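Chemist: Please see the structure below; I have some questions.
The values are calculated or read from the model by the stated rules, or taken from the named source; none is laboratory data. None of the values given here were measured: they were computed from a predicted structure. Quick reminder, even Gly has a Cβ in these numbers, built from the backbone with ideal geometry, and neighbours come from all protein chains shown. To get the accessible areas, we keep the full protein, side chains included, count just its heavy atoms, and leave off ligands, DNA and RNA. Shrake-Rupley method; radii C 1.70, N 1.55, O 1.52, S 1.80 Å.
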Amino acid sequence: MPQVSIRDQIKKLLELQKLDKEIFDYKKELQEKPALLNEIKEKFEAKKAALKELEDKAKAIQLDRKAKELDLKAKEDEIIKGNAQLSQLKTNKEYTAKLSEIETLKASKSIFEEKILASYDESDTINAKIEKEKVFIAEQEKAYLVQKKDIEESLKLLEDRVKVLAGQRNQLSPEVDKEILVRYEKILEKRSGVAIVPVQNEVCGGCYMNVTTHSVNQIKMHDKLIICEMCARILYLEDDL
Ligand SMILES: [Zn+2]
């Protein structure tokens, strides 16, 4: 074993652990927050896409109505033309045939008129929906921008805090024996930012599994680092430092 006091090293590791746990948690937040912001943004974008769909539909209804109005106009012209032709017809048969033709045109015209009226109703309904959606989206956008600002500000704070903690860590880490530090850092990486944990009532403070009496006695001897057999974290006793 290195020429160092294990008891002192454990104390240094505990100081380091305090910093590292905080750094780990903040880094996790730094990863999660942008994802959260993205999630909010995606929801908002989906609302905008739905509005765009409604607007396209409204436009299609309007175009379709314009076409129907042109058709209606053509029917009306045909009826006028038919009526004008009536007086020039010579036989009764021709006259009756033309009249029947005009009647068919009139029936067809009235169907077009109904369809056009229905199309106006449809436009009114969809336009009301669009207006409602626009108001809703404007509110959502405002809320989104507030959240975005909040998250960006807290990210900045977290980054600053991590920098400060990293500085403190850099000052402290040379005080830990190099071999022990490497070991500690490996565990830290594998065990979610917690590498050293207390044993309480023969239970590991990291994985909450039982620690043997033999291990507890070994910890008390302070001649080497004792690790949990289950989670591989470094163990210590709070009242034995
Ligand atoms: Zn454990």
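Chemist: Using Cα centres only, tell me the gap between the stretch 39-70 and the stretch 84-133 in whole Å.
Modeler: 28
Chemist: State in Å² the accessible area per residue of the chain; use a 1.4 Å probe, count heavy atoms of protein chains only, and round to the nearest integer.
Modeler: Roughly 68 Å² per residue, with all protein chains present.
Chemist: Leaving out ligands, DNA and RNA, what percent of the accessible area of the stretch 24-174 is carbon and sulfur, probe 1.4 Å?
Modeler: 56
Chemist: What residues have an amide H closer than 5 Å to that of residue 211, excluding those fewer than 5 places away on the same chain, when H is modeled at 1.01 Å from N in the peptide plane?
Modeler: 203, 204
Chemist: So which aspartates and glutamates can residue 11 reach, going by Cα to Cα under 18 Å and dropping same-chain residues fewer than 8 places off?
Modeler: Straight-line reach from residue 11, under 18 Å: 20, 22, 175, 177, 179, 185, 223, 238, 239, 240.
Chemist: If you don't mind, another one. For the ranges 145-153, 16-24, what's the packing order if you count other beta-carbon atoms within 10 Å of each residue, average per peptide, and put the highest first?
Modeler: Per-residue mean Cβ counts within 10 Å order the peptides as 16-24, 145-153.
Chemist: Under 8 Å for C-alpha pairs, at least 6 residues apart: give me the relative contact order for the stretch 24-174, rounded to a whole percent.
Modeler: Averaging sequence separation for qualifying contacts and normalising by length gives 45 percent for the stretch 24-174.
Chemist: Between their Cα atoms, which of 33/190; 156/224; 47/73; 52/73 are more than 30 Å away from each other?
Modeler: Table pairs above 30 Å Cα-Cα are 156/224; 47/73; 52/73.
Chemist: Considering only C-alpha atoms, what is the centroid distance from the stretch 145-186 to the stretch 195-217, in Å?
Modeler: 28
Chemist: Now, a different point. Run down the lysines and flag those whose C-alpha is under 17 Å from the C-alpha of residue 48, throwing out any fewer than 8 positions away in its chain.
Modeler: Correct list for residue 48: 57, 59, 129, 132, 134, 142.
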